[in-house]
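To start, the structure under review is shown below, and the notes come after it.
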Number of protein chains: 2
Amino acid sequence: MIQVAEALNLIAENSCKMPITKIKVDKSLGYVLAEAVYSPINMPPFRQSAMDGYAFTHGEHNQFEILKTVQAGDFSDDEIKENQAVRIFTGAFVPDDVNTVVMQEHTIVKDNLLLIEKMPATHANVRAKGEQVKKGELVLDKNTVITPAAIGFLACLGITKIKVFDKPKVAILVTGNELVSAGKKLPKGKIYESNSLMLEAALKAVGIKKTSIFKIKDSLKKTKIVIESCLSNFDVVLISGGISVGDYDYVKEALLKNGVTELFYKINQKPGKPLFFGKKENKLVFALPGNPASSLTCFYVYALPALKKLMGFEAIHLPEIKRKINSDFENTSGKTLFLKAFYDDEKVTVLESQSSAMLNTFSTANGLIVVPHDVTEVKMHQEVVILPLN
Amino acid sequence: MIQVAEALNLIAENSCKMPITKIKVDKSLGYVLAEAVYSPINMPPFRQSAMDGYAFTHGEHNQFEILKTVQAGDFSDDEIKENQAVRIFTGAFVPDDVNTVVMQEHTIVKDNLLLIEKMPATHANVRAKGEQVKKGELVLDKNTVITPAAIGFLACLGITKIKVFDKPKVAILVTGNELVSAGKKLPKGKIYESNSLMLEAALKAVGIKKTSIFKIKDSLKKTKIVIESCLSNFDVVLISGGISVGDYDYVKEALLKNGVTELFYKINQKPGKPLFFGKKENKLVFALPGNPASSLTCFYVYALPALKKLMGFEAIHLPEIKRKINSDFENTSGKTLFLKAFYDDEKVTVLESQSSAMLNTFSTANGLIVVPHDVTEVKMHQEVVILPLN
């Protein structure tokens, strides 16, 4: 049995980034860049008007003949004389012969004649070519997480494909003769299976959609065959249940027989003590406790950092925030506790039912308070560490 | 022109929850419950063993004949006498004739004989029927946001469908003759269009996937026709560009001609001054500025709260957090500023380029500092309000 910190280190050490893949920018939300991106163009690609107004050559004149109109999107290489100006709009191409734009509010226009009332400085309201980004300049660095803004930025430079770390394919195995799918009749002695949908949703919430669910009866042979197939076809195998010491808990044996190396089994914590973490080549295996709340706690605290490492994230652990706890709390277990809790801007409340069997508390919790194994009591108003869950 | 707070109020007042729809629990992540859910079953549905061990009738005896084995998932109504016990596992059905489970670590077993070394209390290690949730009891209240834990909780009670507020269908209209899609050759005077993909990604990030993109040239007629069609087929219309006062900005006229009521136009802020918000029946229209960074700022600050209200969320605005700013800052504009910024646990840094035209700064920002219009200077180490963007 190991401590929480050691388990987290083993997970970080043993999880490797996924292979690099090239994907379309419009499908890249939440992926992590696997190589730096440089701009293929100048931005703006030409001298661009920053205003609706009139473009002219700065000099002696303040009256001009209006030669033509240049809308955004137009191109013009007509000769423009020093006593001529063009009507121009925000974002439009500033013709080579002129160098300044006056905003329309500072002009008087009569028919074809422009009078500038308030003369701007030379080059005013003209964005230089490449002013924002120069061709060849770094756009986004390696390891950048792709946000909506990053997608817009890449698109505005004409970039359509980028290299990112692939997302893992995850198999969810659920074991137990007692489990019946929701929607079916519940025979005596059985319960509804819920961990598969819960874990599938938790994966979806971090952008992992390539998931498959497998349900196995308590049989060593069947468990071994399904695990073998999952190790071939998926990057990560999440197993729910079958990992404690009961006579019918075949999972660990099936894993070892499939050549999975045990990296740890059992953590000094509550809930989620019987967590197994193993590896076969680059494939990771988490055997989570079968109790739903323990299973989800282990997913957030241990499986999620591994998945984020695979996806290329630099910050892989749940962020830690601190709040004042609004009750006393004793920890006589000698174990690290993860307490389902609700926090707001100021304080955090330990929620009532901490049972590992049920998800009612988890459904209303927005964080887990971490009480380290060597802390025996927490006094009201003391600051505690919380792992936010949203 | 109105102030930011007034604009936010108008948006909250004029956005209504979407119609209720019934969906499958496994597809419900991120939806909001439109009615309370009550449990159709007791949980556990039967008296359940909390341990691997032996079930027996608490009384005079401490030695028992082991009658049979009850695995998780088994049902047994065989008669069990007072001097008999059954081998039992965690989660298994506790037969009616027995009332207590002793954990296996507290027993000695020889062949068919059980000796209890450490006698537990009566009813120990037996979870009562309905102990966690009773049939008919409230499971999740109306307005609960469906998390992975909530999905697991609903599934474990055998619930397969729930009533939620539907998610809006959103049309993204992009206007401008100057725009060319990424991947195509860039003619002189044109720029790559990026707002559609950026807004689509920002919608996807909040779970809105029913989106369509429409690109329109600067023409009143075409703009009017496309807006008319979008008002019929979508719940929200996001328009990018064409809303400022330039001669070729037809959007506002096209909206009014389509019977859209103007709720506000122009906010005393930077960036994003020329924001239009309107309504036709329950359909909402946001005409966002065309500059990418302004457009995204307006999306996060104004369109997102409206979308969250539609989806049934109670907390619709971006949460506000506070950090100490690590530079002095002057606001001589008389406008509310939204500054792209990067914050960590302790401080916040105003990022260098605040240009509204480009997304480079937005790509690395994780929050927007709000400097109210009536605040003229912020001193280093002073606390400022940040809207986090992740």
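Look through A:Glu6, A:Glu35 and report the one residue that is touching a residue at least 24 places away in the same chain (Cβ under 8 Å), over 24 Å from the mean Cα position of the chain (by Cα) and not in a strand (DSSP E or B). Residue meeting the stated conditions: A:Glu6. Screening A:Thr361 with (1) away from every other protein chain (no Cβ under 12 Å); (2) in a helix (DSSP H, G or I); (3) under 30 Å from A:Tyr192 (Cα atoms) gives one miss only, at (1).
Please work out if A:Pro40 is open to solvent by 30 Å² or more (accessible area, probe 1.4 Å), within 10 Å of another protein chain (Cβ to nearest Cβ) and more than 30 Å from A:Val236 (Cβ to Cβ). Taking the combined requirement at face value, the residue satisfies it.
A search for C-beta distances below 7 Å between a residue of segment A:110-125 that is in the same structural domain as A:Asn62 (by TED's automatic domain parsing) and any residue that is open to solvent by 70 Å² or more (accessible area, probe 1.4 Å) and of a type in the set (Ser, Thr, Tyr), counting only pairs 6+ apart in sequence or on different chains, returns nothing.
Across segment A:7-25, which residue is most open to solvent (accessible area, probe 1.4 Å) among those that are among the β-branched types (Val, Ile, Thr) and within 19 Å of A:Asn282 (Cβ to Cβ)? Only one residue tops the list, namely A:Ile20. Out of B:Phe342, B:Phe313, B:Phe362, one residue alone is buried (at least 21 other Cβ atoms within 10 Å of the Cβ) and aromatic (Phe, Trp, Tyr). It is B:Phe362. Does at least one position in segment A:329-339 carry a residue that is touching a strand residue (DSSP E or B) at 6+ places or on another chain (Cβ under 8 Å) and charged (D, E, K, R)? Yes, segment A:329-339 has at least one match.
Checking the conditions here, which among A:Ala341, A:Ala306 is within 14 Å of chain B (Cβ to nearest Cβ) and touching a Ser or Thr at 6+ places or on another chain (Cβ under 8 Å)?
On the way: A:Ala306 fails: within 14 Å of chain B (Cβ to nearest Cβ).
Exactly one residue qualifies, and that residue is A:Ala341.
The conditions of being under 19 Å from B:Pro305 (Cα atoms), surrounded by fewer than 17 Cβ atoms within 10 Å (Cβ to Cβ) and touching a Lys or Arg at 6+ places or on another chain (Cβ under 7 Å) are not met by B:Lys209. As a summary of the residue check, B:Gln84 satisfies the conditions (1) open to solvent by 60 Å² or more (accessible area, probe 1.4 Å); (2) out of contact with any Lys or Arg (no Cβ under 6 Å at 6 or more places or on another chain); (3) without any contact (Cβ under 8 Å) to a residue 60 or more places away in the chain except for the one numbered (1).
Give me the residue from segment B:46-81 that is among the hydroxyl-bearing types (Ser, Thr, Tyr) and over 15 Å from A:Lys190 (Cα atoms) and, out of that set, surrounded by the most Cβ atoms within 10 Å (Cβ to Cβ). Give the steps one after another, and end with the answer.
Our first condition is that a residue be among the hydroxyl-bearing types (Ser, Thr, Tyr); within segment B:46-81, this holds for B:49, B:54, B:57, B:69, B:76.
Next, only the ones that are over 15 Å from A:Lys190 (Cα atoms) stay: B:54, B:57, B:69.
Numbers: B:Tyr54: 25, B:Thr57: 18, B:Thr69: 15.
Going through the qualifying residues, I end up with B:Tyr54.
Scanning segment A:212-232 for residues that are in contact with a Lys or Arg (Cβ under 7 Å, 6 or more places away or on another chain) and under 13 Å from A:Asn258 (Cβ atoms) yields A:Lys224, A:Leu231.
Name the strands (runs of 3 or more DSSP E) wholly inside segment B:71-159 in which the number of residues that are away from every other protein chain (no Cβ under 12 Å) and over 26 Å from the mean Cα position of the chain (by Cα) is 2 or more.
Working: elements: B:84-88, B:100-103, B:107-110, B:113-116, B:138-140.
Counting at least 2 such residues, we get B:84-88, B:100-103, B:107-110, B:113-116.
Out of the residues in segment B:168-189 that are touching a Lys or Arg at 6+ places or on another chain (Cβ under 7 Å) and surrounded by fewer than 23 Cβ atoms within 10 Å (Cβ to Cβ), state the one that is nearest to the other protein chains (Cβ to nearest Cβ). Selected residue: B:Asn177.
Scanning segment B:266-279 finds no residues that are within 29 Å of B:Ile146 (Cβ to Cβ) and either open to solvent by 50 Å² or more (accessible area, probe 1.4 Å) or modelled with pLDDT under 95 (or both). Just to verify a result, which residue in segment A:238-265, among those that are open to solvent by 10 Å² or more (accessible area, probe 1.4 Å) and β-branched (Val, Ile, Thr), is nearest to A:Glu193 (Cα to Cα)? Once the filter is applied, the top-ranked residue is A:Val245.
Residues checked against (1) surrounded by 18 or more Cβ atoms within 10 Å (Cβ to Cβ); (2) more than 23 Å from A:Leu197 (Cα to Cα); (3) touching a Ser or Thr at 6+ places or on another chain (Cβ under 8 Å):
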site: A:Leu288; (1), (2), (3): yes, no, yes
site: A:Ser295; (1), (2), (3): yes, no, yes
site: A:Ser327; (1), (2), (3): no, yes, yes
site: A:Val348; (1), (2), (3): yes, yes, no
site: A:Asp374; (1), (2), (3): no, yes, no
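Quick check: anything in segment A:44-51 assigned to a strand (DSSP E or B), within 14 Å of chain B (Cβ to nearest Cβ) and in contact with a helix residue (DSSP H, G or I) (Cβ under 8 Å, 6 or more places away or on another chain)? No: zero hits.
With the structure loaded, tell me whether B:Asp235 is among the charged types (D, E, K, R), under 26 Å from the mean Cα position of the chain (by Cα) and open to solvent by less than 40 Å² (accessible area, probe 1.4 Å) or whether it fails that test.
Values: among the charged types (D, E, K, R): yes; under 26 Å from the mean Cα position of the chain (by Cα): yes; open to solvent by less than 40 Å² (accessible area, probe 1.4 Å): yes.
Yes, satisfied.
Evaluated against (1) in contact with a strand residue (DSSP E or B) (Cβ under 9 Å, 6 or more places away or on another chain); (2) in the same structural domain as B:Val285 (by TED's automatic domain parsing), B:Asn9 falls short on exactly one condition, (1).
Among (1) open to solvent by less than 60 Å² (accessible area, probe 1.4 Å); (2) touching a Ser or Thr at 6+ places or on another chain (Cβ under 9 Å); (3) touching a residue at least 60 places away in the same chain (Cβ under 8 Å), there is one condition B:Phe153 misses while meeting the rest; what is its number? Only one criterion is unmet by B:Phe153, namely (3). Applying the set (1) outside the structural domain of A:Ala254 (by TED's automatic domain parsing); (2) β-branched (Val, Ile, Thr); (3) touching a residue at least 24 places away in the same chain (Cβ under 8 Å) to A:Thr364 leaves exactly one unmet item: (3).
The values are calculated or read from the model by the stated rules, or taken from the named source; none is laboratory data. These figures come from a predicted structure and were not determined experimentally. So basically every Cβ, Gly included, is an ideal-geometry build from the backbone, and we count neighbours across all protein chains shown. Just so you know, the surface numbers come from the protein's heavy atoms only, side chains and all, with ligands and any DNA or RNA stripped out. Shrake-Rupley method; radii C 1.70, N 1.55, O 1.52, S 1.80 Å.
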